[in-house]
1. Would you kindly calculate the translational diffusion coefficient of the range B:1-106, applying Stokes-Einstein with the Kirkwood radius from alpha carbon pairs, for 37 °C and a viscosity of 0.692 mPa s, and quote it in µm² s⁻¹ without decimals?
2. What share of Cα pairs, in percent, lie more than 19 angstrom apart in chain A?
3. Quick one: putting +1 on the C-beta of Lys and Arg, -1 on the C-beta of Asp and Glu, what dipole do you get for the range B:1-73 around its Cα centre, in Debye to the nearest 20?
4. Shape of the protein assembly as shown from its Cα gyration tensor (a ≥ b ≥ c, root eigenvalues): rounded if a/c is under 1.5, otherwise prolate when a/b > b/c, or oblate?
5. Counting other Cβ atoms within 10 Å of each Cβ, which chymotrypsin sites (Phe, Trp or Tyr not before Pro) in the range A:45-104 have at most 14 and sit in a DSSP loop?
6. Dipole of the protein assembly as shown, Cα-centred, from +1 at each Lys and Arg C-beta and -1 at each Asp and Glu C-beta, to the nearest 20 debye?
7. Based only on other Cβ atoms within 10 Å, what is the fewest-to-most ordering of A:His24, B:His77, B:His29?
8. Just want the answer: with Cβ charges of +1 for Lys and Arg and -1 for Asp and Glu, which residue in B:Pro69, B:Ala97, B:Ser86 is farthest toward the dipole's positive end in the range B:61-103?
Amino acid sequence: LAKTTQPISMDSYEGQEVNITCSHNNIATNDYITWYQQFPSQGPRFIIQGYKTKVTNEVASLFIPADRKSSTLSLPRVSLSDTAVYYCPVISSGSARQLTFGSGTQLTVLP
Amino acid sequence: DTAVSQTPKYLVTQMGNDKSIKCEQNLGHDTMYWYKQDSKKFLKIMFSYNNKELIINETVPNRFSPKSPDKAHLNLHINSLELGDSAVYFCASSQSAGEYEQYFGPGTRLTVT
């Protein structure tokens, strides 16, 4: 199972674009990269997933380089409500897909 | 309506006791999971059931026993509780075992004294 490494914490200001990186050096060929958001006292919530290059949805963009050993979650124009822990679990291939979470990145958005 | 619900939300008990945590999902999903989140925020999968069949069984003490009476329910029973079992336990579900998106419940904070 691919192990992920992320910065423990980062701060940003309202209205800024935030990029959170994740390292997954031993990602397997058939593994996908997902990102989840967790607010205090709540369960994680799915944000986005991708295999390579760039994926964009209504809340975020995900950039994955060709070697797939890292990924970057981009949050445009963050607000105070984006303060949360962000995880980048790699999901294993096969019928029993398994999310492998790391310790996450605590993002704090300041006014 | 809550998609994935867990009861109780908080559970405080003494070492050696036996306790259960219940989980229900009303999303019509086929697959359900139990995760454990420790004090350092590491989230680790424990078990997964697909259509009531156990498909993931990580290295977890056999004091932990999941039970899935039907597709919508996955309960976790813990025997002889130990201090190290203190954590937040999350239930989750997904449409099928092959889905990337999992829906998590609000968690059950278990404190063993």
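1. 237
2. Looking at chain A, the distances longer than 19 Å represent 40 percent of pairs.
3. 320
4. Verdict is prolate for the protein assembly as shown.
5. Sites meeting the loop and neighbour criteria: A:Tyr51.
6. 320
7. Least crowded to most crowded, the residues run B:His77, B:His29, A:His24.
8. B:Pro69
Computed from the coordinates by the stated procedures, all read-outs in this text should not be read as laboratory data. These numbers come from a predicted model, not from an experiment. We place every Cβ from the backbone using ideal geometry, glycine too, and count neighbours over all the protein chains shown.
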